[in-house]
Amino acid sequence: MPRINSPEELEKVRQEILSRRDPSKPCISICAGAGCLASGAGEVIAAFKAEIEKQGLTTEVNTKGTGCPGFCERGPVLVIYPEEICYLQVKPEDVPEIVSQTIKEKKVVDRLLYADPTTGEKATHESDIPFYKNQERNILGSNIKIDPKSIEDYLAIDGYSALSKVLFLMTSEQVLEEVKKSNLRGRGGGGFPAGRKWEGSRNAPDPIKYVIVNADEGDPGAFMDRALLEGNPHSILEGLIIGAYTIGSHEGYVYVRQEYPLAVENVNIAIRQAEEYGFLGRNILGSGFDFTVKVHQGAGAFVCGESTALMTALEGRAGEPRPKYVRSNIVGLWGKPTVLNNVETWANVPLIINKGADWFTQFGTEGSKGTKIFSLVGKITNTGLVEVSMGITLKDIIYKIGGGIPGGKRFKAVQTGGPSGGCIPEELLDLPVGFDELTKAGSMMGSGGMIVMDEDTCMVDVARYFLNFLIDESCGKCTPCREGMRQMLKILNNIAEGKGREGDIELLEELAEVAVDASLCALGKSAPNPLLSTLRYFRDEYEAHIKEKRCPALSCKELIAYHIDPDKCQACMICLKQCPAEAVIGGKNRIHVIDQEKCTKCGTCFEVCPPRFGAVQKISGEPVPAPIPEDARTIVRKSKEK
């Protein structure tokens, strides 16, 4: 492909690409994101190519692997254009029927459609599925339409038109004002206004400046950045180039987790293609502007998601944060002005330039504009990525999009903002999702993790989990973070094991306050959030653990026991055979009992007992001794004699 040297040439290339594409020609778009690939999407794509060739349809049908459309719970997902028929959980053996029925006969394969779990009503089109129709997919919407390895697919949907507009129709001042007017706030955690950050670097006197894509996504359960980098890498590159032009930078970096091999592969392909077409390198599109991008793979340290630690790692040193006496947009990478934004923030920039700040600000609240992508995981019916307008309530996300809590369980809390976020209880489900609103509730937006919890979740255990994660990820540079978190976890472990004492809660609050006030970086300052939010909304659970030695959620191992109700036991021997500790005593036609001395409280007996019997019960504290039938008593005595 010859290098493009002007806006006119870019438009000519775009029209040539579109002229070769027949919009009425069937196109099978199959999600080839990491989640669907793990569910067998690679085999489905291969099966389609083989079947289409077998049926002599190679020139009549297009097949492409695309980015993640978000409905990970039902992958592999595919959409057939132009009808936009959506099939879920497709297997290779379904392929011949899809080709024969849908492609050739224009008939729908009913069993592969989405079915409402309550009414059984089927949805033929992607836009009819509740998971999708309640979203506002400004950024994610293109993922299922393009092959991330094809720059032509990106150009066909007006890719790089925002860059052309910026370079030839706008001054850098005008670009900055448009971004400021949009009130785009960083999607990576802090929510700092992107325009103000850019302005600081632009006004800094040093002529050497850098721009960085922060793709070091380390939150448990979060995969928003990965999905964008895998599915539409050119949109991030385009935003990055626009940002570089605005502040006067000529060198940029994509800092991406080493655990994201597909994202690394796709962004490297995108960079090579952009260089070949003239969107990167010297004299971009003939404008005289030079800019290059390099990919840096991080070693997996969670703390490197913090801006100064990330820059330290880019410099070739240990990824440790440094004091922010001066912001990194003034003194950043190698001591130079540096703009660092996360993947989603950069992906918003081309949309703002092409559609205008007024279009962007129609979405969201007064203080939080645009849309936000969340990874919706945990005890939720529809797991996946969701993109919603800021200001939507937590209830709408969890119930209208997420489909509610499975198994008829009750909602208990939702944790937002990753390990440094907080837990929001049921009484705040009507809370609008926005930077300021979540912060006031004791949580944060973070990068967009959203973990849903049901009634079986112990909030003391939740605080323990996140503190344990953050202890492993702390760089250890400052005492309040390194030692404070260890002491908090030690106290929480004692509480969960029934060893809690009066005054523990107050001591936890005191330690948390010191960590918030005195830690060096945002990791330490926000690490107590899960603890503080659970204390704020679920203090009674802590008190039950300490004062009554009871776990209300029946989750903490040391505070529960398993007991077989003799009136319900059918002597089916399922629990006896499955118990790994051989703690279940009984036999054929003999009511079973659990030897509490042998029981490891693994819960296997509880899980395998048929629901129609419900004989195995999980109870708080030690089980009430049940009368043991004579034959069972003999077994117990003999067992103890051995």
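Quick notes on this structure:
- Looking only at region 295-328, and only at residues there that are in contact with a Gly (Cβ under 7 Å, 6 or more places away or on another chain) and in a loop (DSSP other than H, G, I, E, B), the one that is nearest to GLU251 (Cα to Cα): ARG327
- Across region 606-642, the qualifying residues are those that are closer than 23 Å to GLY407 by Cα and either in contact with a strand residue (DSSP E or B) (Cβ under 7 Å, 6 or more places away or on another chain) or at pLDDT below 90 (or both), and the one among them that is most open to solvent (accessible area, probe 1.4 Å) is PHE606.
- Within region 75-111, the set of residues being surrounded by 15 or more Cβ atoms within 10 Å (Cβ to Cβ) and touching a Cys at 6+ places or on another chain (Cβ under 9 Å) comprises GLY75, PRO76, VAL77, LEU78, VAL79, ILE80, TYR81.
- Scanning region 499-515 for residues that are among the basic types (Lys, Arg) and out of contact with any helix residue (DSSP H, G or I) (no Cβ under 9 Å at 6 or more places or on another chain) yields nothing.
- Enumeration of residues in region 587-605 that are open to solvent by 40 Å² or more (accessible area, probe 1.4 Å), of a type outside the set (Asp, Glu) and assigned to a loop (DSSP other than H, G, I, E, B): LYS588, ASN589, GLN596, LYS598, THR600, LYS601, CYS602
- When SER249 is tested against (1) part of a helix (DSSP H, G or I); (2) open to solvent by less than 10 Å² (accessible area, probe 1.4 Å); (3) at pLDDT 95 or above, just one condition goes unmet, and that condition is (1).
- Per-region count, region 515-566, residues farther than 30 Å from GLU597 by Cα, open to solvent by 10 Å² or more (accessible area, probe 1.4 Å) and at pLDDT 90 or above: 6
- Test: residue in region 212-226 that is closer than 14 Å to THR338 by Cβ and not polar (S, T, N, Q): yes
- Restricting region 154-208 to residues that are touching a Gly at 6+ places or on another chain (Cβ under 6 Å) and part of a loop (DSSP other than H, G, I, E, B), the residue that is most open to solvent (accessible area, probe 1.4 Å) is PHE192.
Yes or no, residue by residue, for (1) farther than 21 Å from VAL267 by Cα; (2) modelled with pLDDT under 90; (3) among the basic types (Lys, Arg):
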{"residue": "GLU306", "(1), (2), (3)": "yes, yes, no"}
{"residue": "LEU314", "(1), (2), (3)": "no, no, no"}
{"residue": "GLY319", "(1), (2), (3)": "yes, yes, no"}
{"residue": "PRO323", "(1), (2), (3)": "yes, yes, no"}
{"residue": "SER328", "(1), (2), (3)": "yes, yes, no"}
{"residue": "GLY335", "(1), (2), (3)": "yes, no, no"}
{"residue": "THR345", "(1), (2), (3)": "no, no, no"}
{"residue": "LYS355", "(1), (2), (3)": "yes, no, yes"}
{"residue": "TRP359", "(1), (2), (3)": "yes, no, no"}
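- Any hit, region 47-56, residues being free of Cβ contacts under 8 Å to residues at least 60 places away in the same chain, closer than 30 Å to TYR160 by Cβ, open to solvent by 20 Å² or more (accessible area, probe 1.4 Å) and in contact with a Ser or Thr (Cβ under 7 Å, 6 or more places away or on another chain): yes
- Flag not set for GLU83, criterion: more than 19 Å from GLY33 (Cβ to Cβ), part of a loop (DSSP other than H, G, I, E, B) and in contact with an Asp or Glu (Cβ under 7 Å, 6 or more places away or on another chain).
- Against the list (1) surrounded by 22 or more Cβ atoms within 10 Å (Cβ to Cβ); (2) more than 26 Å from the chain's Cα centre (by Cα); (3) assigned to a helix (DSSP H, G or I), the condition TRP334 fails is (1).
- Test: residue in region 57-66 that is in a loop (DSSP other than H, G, I, E, B), among the polar types (S, T, N, Q), within 30 Å of GLY221 (Cβ to Cβ) and free of Cβ contacts under 8 Å to residues at least 24 places away in the same chain: no
- Residues in region 372-411 that are among the aromatic types (Phe, Trp, Tyr) and open to solvent by 10 Å² or more (accessible area, probe 1.4 Å): TYR399 alone.
- Boolean, THR292 is of a type in the set (Val, Ile, Thr) and not in a helix (DSSP H, G or I): yes
The values are calculated or read from the model by the stated rules, or taken from the named source; none is laboratory data. Everything numeric in this text was worked out from a predicted model, so none of it was measured. Neighbour counts run over all protein chains shown; Cβ positions are idealised from the backbone, glycine included. The accessibility values were calculated without ligands, DNA or RNA, using every heavy atom of the protein model including side chains. Shrake-Rupley method; radii C 1.70, N 1.55, O 1.52, S 1.80 Å.
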